[in-house]
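**Student:** Let me give you the structure first, and then I'll get to my questions.
Read the figures in this text as sums done on the coordinates, not as results from a lab. Note that this is a predicted model, so its numbers are computed, not measured. Quick reminder, even Gly has a Cβ in these numbers, built from the backbone with ideal geometry, and neighbours come from all protein chains shown.
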Amino acid sequence: MNNKFLIVDFDSTFVQVETLDELAAIALAEHPESERVIEKIRTITAQGMDGKISLAESLDERLKLLSANKKHIEQLVISLADKVSPSFKRNGVFLEQFADSIYIVSSGFKEYILPIVSKFGIKEDHVFANTFTYDEAGNINGLDASNPLCQDQGKVRVVNSLNLEGSVWAVGDGITDYEIRAAGAADIFYAFTENVERTSVTAKADVVIKNFDEFLYMHDFPRAISYPRNRIKILLLENLHPNGIKMLEHEGYTVETLKGSLSEDELCAKIKDVTILGIRSKTTVTKKVLDAAERLISIGCFCIGTNQVDLDYATQKGVCVFNAPFSNTRSVVEMVIGEIIMLMRKVVSKNAQLHQGKWDKSADNCFELRGKKLGIVGYGNIGSQLSVLAEAMGMQVYYYDVMEKLQLGNARKCDTMDELLSSVDIVTLHVDGRKSNAKIIGEHEFKMMKDNVIFINLSRGHVVDIDAMVKVLDSGKILGAAVDVFPVEPKNNQEEFVSALRGYDNVILSPHIGGSTEEAQLNIGEFVARRLTSYVNGGDSTQSVNLPNIQLPELRKAHRLIHLHRNVPGVLAQINQMLASHQANILGQYLKTNEQVGYVISDIDVEYDKDLINQLKKIDGTIKSRVLY
């Protein structure tokens, strides 16, 4: 920072709080009217910070109400140690490295400011603040009135008195910080909004910064993280669980949420500067959308399936896709079990009759589950767990899967779909949404099923030929059915549901809610949010559905170079040659490939020729390259 000087405010900037407000809360904790007095102090603080009253008036009025002692200041220092603003705390190395160029100038009080900032290497003679006066019992009874910082324009006078030769930058959240710039004592005023945003201040600022990381990034100063997280824009669609949203916001990203899905054109218009996209099952991410996404690095599917995303093209574009393959498994399984019971006992049709005033206490075609044969088409996460629960209830389980799967318990593997369909009393589908699964249940398959079969589809709408299903419903072959997914589904709750399956009193229709429980949505929201943050912050691609999966150690005192490229020979050799030519010492290196791409992560010492980053991007076959630290 040659010939550059940084003037930093303390209250609500270096620390997250207004310190006199915090001191009041400590000192007045046992006061009979503590809430009223503390609120009055906070109001006066806000008025002073917004410039509605003078600084001198603000300090004088608050000190009259404070009733604090030296012992309360000691407690305040302990409290403030945990309330240093996160972006200042994580950039302590910068503060210590450039301590000669950093000054704390505050209208607060040196007694509690110095113990906090000195831990970050800031020099005592670079800390300018007010000081308290005390009575014989150690009670605060005022302040040093000769100190310019208790007077209007005090910060201006202090900064001018430093006679700093070079560029002077002021960082703060209040009107008194802006005054330094307005009076010409600073060249630029950065309104700091990590803790509080005052429109009266940001409107006057030269630059508004969300955190200290952004300031360091703008000037390419040494910093704890490579890219300010508030610049990472996330778009979340389809009413995702609040816990997942909060986790992403907590990381410091800029998050926009929309309750519904977007059409292809609407999404193209929104996605240009989006880094992370979060969707459920109704939003389709096509080639056109991916081409419009200039900054997209990851998509989170907050559901089980990923067929709504063009995975091949996402891979070509270097966009890492995550889903939640296990998070709603139990919810779907429980719904299947419940629907089987309801259909086997004809509760659905009898319920409809009762609503019409008809009493039918007949046991005809009503059965127990025990001893019945359950046929599971698709023996993945859901199918296999359903197998365990069904067997525990006394059912005989048969399954069919195109992949070789190890059966659980006493489940019996069928070699063909026809073998399963002709053997069981209940058929339930649990296959994925790949195109090859379209209409795997059609006229032939329904013909192979037993009479009075129970048929359930909680997988994907397009896997069943609906016209063929309607025919067997009309013929009476199906005793009962439950369908949760449909070839065409409404885009939102206001759109009418249209289906040939409406109107049957032995068919349970549900609006794609197999995984829609509070527990499942919570698990999905948190699981996908964790995967997204691990990838964006650390490059960890574990459980990605389209990129090579690499589980990475935590990044410590190193820079992580991430290189995603087409899977062609010689790329790793070029990367290592480039690392060597730029004097980069490798601390750890990880490589994994799939049919389309290779993923190389190189952790290196922080000292290296920074031109290396640009050179890595020029390697033939490079899809995306970024650096993390």
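**Student:** Check the straight Cα-Cα distances from residue 259 and name the aspartates and glutamates below 12 Å, setting aside those fewer than 8 residues away within the same chain.
**Tutor:** 238
**Student:** Check every DSSP H run in the chain and write down those whose alpha carbon atoms cover 20 angstrom or more along the long axis and whose mean Kyte-Doolittle hydropathy is 0.0 or greater. Let's see the in-between values first.
**Tutor:** Values: long enough: 34-49 (22 Å, -0.29); 329-344 (23 Å, 1.39); 518-538 (29 Å, -0.32).
Helix filter hits for the chain: 329-344.
**Student:** Between the range 361-410 and the range 62-106, what's the alpha-carbon centroid distance in Å?
**Tutor:** If we compute the Cα centre of each part, the gap is 63 Å.
**Student:** Which pairs in the list 40/70; 123/155; 40/246; 52/233 are over 26 Å apart, alpha-carbon to alpha-carbon?
**Tutor:** Values: 40/70 22 Å; 123/155 18 Å; 40/246 31 Å; 52/233 35 Å.
Beyond 26 Å: 40/246; 52/233.
**Student:** Could I have the simple spin-label model distance between residue 368 and residue 4, label points 7 Å from Cα toward Cβ, reported in nm to one decimal?
**Tutor:** 7.9
**Student:** Which whole-number percent gives the relative contact order of the chain, counting Cα pairs below 8 Å spaced six or more residues apart?
**Tutor:** Working: 1207 pairs, mean separation 59.2, N = 629.
The normalised contact order for the chain reaches 9 percent.
**Student:** Ok, one more. Around residue 235, what is the net charge, scoring Lys/Arg as +1 and Asp/Glu as -1 over all other residues with Cβ under 12 Å from its Cβ?
**Tutor:** Details: positive: 233, 270, 272, 295; negative: 238, 256, 266, 273.
With Lys, Arg at +1 and Asp, Glu at -1, the neighbours total 0.
**Student:** May I pose another question? Along the Cα-to-C-beta direction of residue 249, a point sits 7 Å from the Cα; which residues of the range 170-205 have their amide N less than 20 Å from that point?
**Tutor:** Backbone N within reach: 193-199.
**Student:** Hey, got the Cα dimensions of the range 357-440 along the principal axes, in Å, largest first?
**Tutor:** 47, 30, 22
**Student:** For the range 152-223, give the magnitude of the charge dipole about the Cα centre (Cβ charges: +1 Lys/Arg, -1 Asp/Glu; no others), in debye to the nearest 20.
**Tutor:** Numbers: 7 positive and 12 negative charges, 31 e Å.
Computed about the Cα centre, the dipole is about 140 debye.
**Student:** Only bridges whose two residues both fall in the range 329-515 count here: according to DSSP, what percent of them are antiparallel, nearest 5?
**Tutor:** Rounded to the nearest five, the antiparallel share is 0 percent.
**Student:** What does the charge count around residue 162 come to, taking other residues whose C-beta lies under 12 Å from its C-beta (Lys +1, Arg +1, Asp -1, Glu -1)? Numbers along the way, then the final one.
**Tutor:** On the way: positive: 155, 157; negative: 125, 165.
So the environment of residue 162 carries a net charge of 0.
**Student:** Show log10 I(q)/I(0) for the range 552-628 at q = 0.12, 0.14, 0.16, 0.20 Å⁻¹, two decimals, from a solvent-free Debye sum over equal Cα scatterers.
**Tutor:** -0.29, -0.39, -0.51, -0.81
**Student:** Rounded to the nearest 0.05, what FRET efficiency do residue 474 and residue 509 give with R0 = 22 Å and r taken as the Cβ-Cβ distance? Could you check? Can you show the working numbers first?
**Tutor:** On the way: r = 16 Å, r/R0 = 0.74.
Calculated transfer efficiency: 0.85.
**Student:** State the extension gain, in nm to one decimal, for the chain segment bounded by residue 188 and residue 119, taking 0.36 nm per residue of separation less the distance between their alpha-carbons.
**Tutor:** Here the segment from residue 188 to residue 119 would lengthen by 22.2 nm.
**Student:** Find how much the distance from residue 288 to residue 522 grows on full extension, using 0.36 nm per residue of separation minus their present alpha carbon separation; answer in nm with one decimal.
**Tutor:** Details: separation 234, 0.36 × 234 = 84.24 nm, distance 3.12 nm.
In short, 81.1 nm is gained.
**Student:** How would 169, 359 line up from fewest to most surrounding beta-carbon atoms within 10 angstrom? Don't jump to the answer; show the numbers that get you there.
**Tutor:** Working: 169 22, 359 8.
Taking fewest neighbouring Cβ atoms as first place, the list is 359, 169.
**Student:** If R₀ is 56 angstrom, what is the calculated FRET efficiency for the pair residue 273 and residue 352, using the beta carbon separation as r and rounding to 0.05?
**Tutor:** Numbers: r = 52 Å, r/R0 = 0.93.
Working from the Cβ atoms, E equals 0.60.
**Student:** Where in the range 292-326 does the label zone of residue 568 land, with the point 7 angstrom along Cα→C-beta and an amide N cut-off under 16 Å?
**Tutor:** 316-318
**Student:** So what's the back-of-envelope 222 nm ellipticity for the chain, counting only DSSP H runs of four-plus at -39500 (n - 2.57) apiece and dividing by all residues, rounded to 500?
**Tutor:** Numbers: 24 runs with 218 residues, N = 629.
After summing the helix terms and dividing by the residues of the chain, the value is -10000 deg cm²/dmol.
**Student:** Count neighbours as other Cβ atoms within 10 Å of each site's Cβ, and list the trypsin sites (Lys or Arg not before Pro) in the range 176-277 that are DSSP loop with at most 13 such neighbours. Mind dumping the intermediate values first?
**Tutor:** Numbers: sites: 181, 198, 204, 210, 223, 229, 231, 233, 246, 259, 270, 272; in loops: 198, 204, 210, 223, 259, 272.
Within the range 176-277, the qualifying trypsin sites (Lys or Arg not before Pro) (loop, at most 13 other Cβ atoms within 10 Å) are 259, 272.
**Student:** I would also like to ask the following. What net charge do the residues around residue 470 carry, taking every other residue with its C-beta under 15 Å from that of residue 470, with Lys and Arg at +1 and Asp and Glu at -1?
**Tutor:** Working: positive: 439, 447, 471, 477, 502; negative: 443, 445, 465, 467, 474, 505.
Net charge around residue 470: -1.
**Student:** Turning to a different aspect of this structure: Please find the FRET efficiency linking residue 497 to residue 145, where r is the Cβ-Cβ separation and R0 is fixed at 56 Å, and quote it to the nearest 0.05.
**Tutor:** Numbers: r = 74 Å, r/R0 = 1.33.
It comes to 0.15.
**Student:** Relative contact order of the range 329-515, please, whole-number percent, based on alpha carbon pairs below 8 angstrom and at least 6 residues apart. List each step's numbers first, then the result.
**Tutor:** Working: 331 pairs, mean separation 38.8, N = 187.
21 percent.
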